[in-house]
Protein chains: 2
Amino acid sequence: MRKIAVDAMGGDFAPKAVIEGAILAASELPENYQIVLIGKQDAMLEVLHDLEYRKGAIEMIYCNDVIEMHEHPTRAFSQKPNSSIGVGFKLLKEGQVSAFCSAGNTGAMMVGSLFTLRTLGNIQRPPIAGYFPLKNGNFSLMLDIGANADCKPEVLMQFAELGSLYARFALNIESPKVGLVNIGEEEEKGNTVSQAAYQLLKNNKKINFIGNVEGRDLFEGKADVYVTEGFTGNVLFKMGESLYEYAVSQGINDPLINRMNYEVAGGSPIIGVNGNVIVGHGISSPLAIKNMILLAKKQIESNVVDKIKEVFS
Amino acid sequence: MRKIAVDAMGGDFAPKAVIEGAILAASELPENYQIVLIGKQDAMLEVLHDLEYRKGAIEMIYCNDVIEMHEHPTRAFSQKPNSSIGVGFKLLKEGQVSAFCSAGNTGAMMVGSLFTLRTLGNIQRPPIAGYFPLKNGNFSLMLDIGANADCKPEVLMQFAELGSLYARFALNIESPKVGLVNIGEEEEKGNTVSQAAYQLLKNNKKINFIGNVEGRDLFEGKADVYVTEGFTGNVLFKMGESLYEYAVSQGINDPLINRMNYEVAGGSPIIGVNGNVIVGHGISSPLAIKNMILLAKKQIESNVVDKIKEVFS
């Protein structure tokens, strides 16, 4: 039995949206999978009471604390070991579950990943990898999208390596093309960090570096992996999400813009830590939660964490 | 007579697109305006030969050199004083024209602005200000969008002051709201530069600072002035432009997305230098050139350069 732990208390519409999403996912998961919902007993039972689901598909683990969205991540994670996030990482660390997903406090998910699971080998700063939609119907992996606002060139190089491994094993792309998000095509273009990162990427034999990608290239899918500091990545991603919301309000129904909807990918993996961790959007709907859980399944089956461990240790 | 100089050799489709755009603009400008086209005689006459226009509306000044799009800006500007860009800055410096517009080498336009016109007062790094489209039908001014990839916090603070003055005098916004492009709402969020810039902006009495704006806020128009390092600003802008092109290809006709079209604003002013300088997109069409020239007119009439001079000297 493979188990995917889900933070039932995480997100603006938790626990209802999370539990509904988990039930949707349960109906699509094979029988050897089980979803482990972690949350406060009363709150969970109240929601589950009205819903129908295959009992064996969902297990419940109770906790008595919650890390709220605006709590300080490090402090909250240390002070609330019996929060849903704290318990989730404990289960993952102990191998009782194969993945942990939460649409709750992203900072606390990052802290849990670093403190409880630890980074793999010499990885300095695990990135959050976002699924960036392309015109051709696929996604590129953009990393980082917000965990690391400032990055040294060496850190960007690790993002490139991690993104390549993820794209290869979790997305089945043979030799993933890596592009550096930048403000010009030529290698001397950019800010200090991107100029230095370009040289590291160019000379790195472990990746298939294709050079800089500009803002205008992003939807074209010039690369399978887009490397960027979390600052720019986050602004780009959030702008895309807001554009999707705007398009819906205008009645625009377009395949590219529709995939700017955070619900489609459902979540973003934290890569480079010793376990499968997926973070979701704070406003996650049941559909988003379902897709986050299915993403966790895909990532578990790819064994990408073990592949990264082999390379980085 | 007020004169607007236009680099007839600047842009991928020069001189044809530029001259056609100038003629379109001439038909909309009042009689006390004249467009001064600067370019190679043969190339200009060949295009003009086939076109009709009011003779008094367009003057021609011949040069025998051109700074190409991919030349090194500083080197090219020094070595080609008789290029269209070189001549344009000379005319502007001497007061023979009131503004200079070019869709050519942006770096050379920046160098010309710095070397020939000079910055005003203690301005450290003049930004390029882009017109960022909003859901409400207006634009916010985003600065910088590419001239300064790395910015110190003090430089971002000057962008805020410059943007405020530009919005007040050139865009007639009484007390322009200033937002810092960032990756969270709270003041402690962001990268090192944005965190430090936040403190400077918060304590600056000359501006109406409203705090951070995230990627998802940009189209909402939370602020009239968006302050950002040129790196992020450039990537955002170019992504928007490519989205417009994509939307056209899909038959999407939406008021917000349509204004991501660079042709609508036509150009972007370089602010903080001693003169009216507008740069256009390399792929500028006649429509874009026309709008760039009309933007120059608006900027001339606002006297915004004098207003900035008063404040910064």
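The values are calculated or read from the model by the stated rules, or taken from the named source; none is laboratory data. Just so you know, these numbers come straight off a predicted model, no measurement behind them. Note that we place each Cβ from the backbone using ideal geometry, even for glycine, and neighbour counts take in every protein chain shown.
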Practice task
Report yes if B:A147 is outside the structural domain of B:L294 (by TED's automatic domain parsing), assigned to a helix (DSSP H, G or I) and of a type in the set (A, V, I, L, M, F, W, C), otherwise no.
Solution key: no
Practice task
Please specify each residue of the stretch A:107-142 satisfying the condition of being within 14 Å of chain B (Cβ to nearest Cβ) and either among the basic types (K, R) or over 21 Å from A:V235 (Cβ atoms) (or both).
Solution key: A:R125, A:K135, A:N136, A:G137
Exercise for the section: Output the residues belonging to the stretch B:143-167 that are away from chain A (no Cβ under 14 Å) and in contact with an Asp or Glu (Cβ under 7 Å, 6 or more places away or on another chain). Expected result: B:F159, B:A167
Handout entry: The listed residue being among the hydroxyl-bearing types (S, T, Y), farther than 22 Å from B:I271 by Cα and either surrounded by 24 or more Cβ atoms within 10 Å (Cβ to Cβ) or in contact with a helix residue (DSSP H, G or I) (Cβ under 9 Å, 6 or more places away or on another chain) (or both), out of B:S83, B:S102
Key = B:S83
Handout entry: Complete set of residues in the stretch B:169-192 that are of a type in the set (D, E, K, R) and outside any strand (DSSP E or B)
Key = B:E174, B:E185, B:E186, B:E187, B:E188, B:K189
Exercise for the section: Could you run through the stretch A:276-294 and say how many residues are in contact with a Leu (Cβ under 9 Å, 6 or more places away or on another chain) and not in a helix (DSSP H, G or I)? Expected result: 3
Problem - Contacts under 7 angstrom Cβ, first residue in the stretch B:211-222 being in contact (Cβ under 8 Å) with a residue 40 or more places away in the chain and more than 7 Å from chain A (Cβ to nearest Cβ), partner aliphatic (A, V, I, L, M) and part of a strand (DSSP E or B), 6 or more apart - result: B:K222/B:I210; B:K222/B:V213
Practice task
Would you please name the residue that is nearest to the chain's Cα centre (by Cα), looking only at residues in the stretch B:292-313 that are without any contact (Cβ under 8 Å) to a residue 24 or more places away in the chain and either surrounded by 17 or more Cβ atoms within 10 Å (Cβ to Cβ) or over 14 Å from B:G275 (Cβ atoms) (or both)?
Solution key: B:E301
Problem - Scan of the stretch A:244-264 for residues that are closer than 19 Å to A:S284 by Cβ and either facing another protein chain (nearest Cβ under 9 Å) or within 18 Å of the chain's Cα centre (by Cα) (or both), ordered by number - result: A:E245, A:R259, A:M260, A:N261, A:Y262, A:E263, A:V264
Handout entry: Test for A:I67: is it in a helix (DSSP H, G or I), more than 14 Å from chain B (Cβ to nearest Cβ) and touching a Ser or Thr at 6+ places or on another chain (Cβ under 7 Å)
Key = no
Exercise for the section: Among what's in the stretch B:223-238 and is polar (S, T, N, Q) and facing chain A (nearest Cβ under 7 Å), pick the residue that is surrounded by the fewest Cβ atoms within 10 Å (Cβ to Cβ). Expected result: B:N234
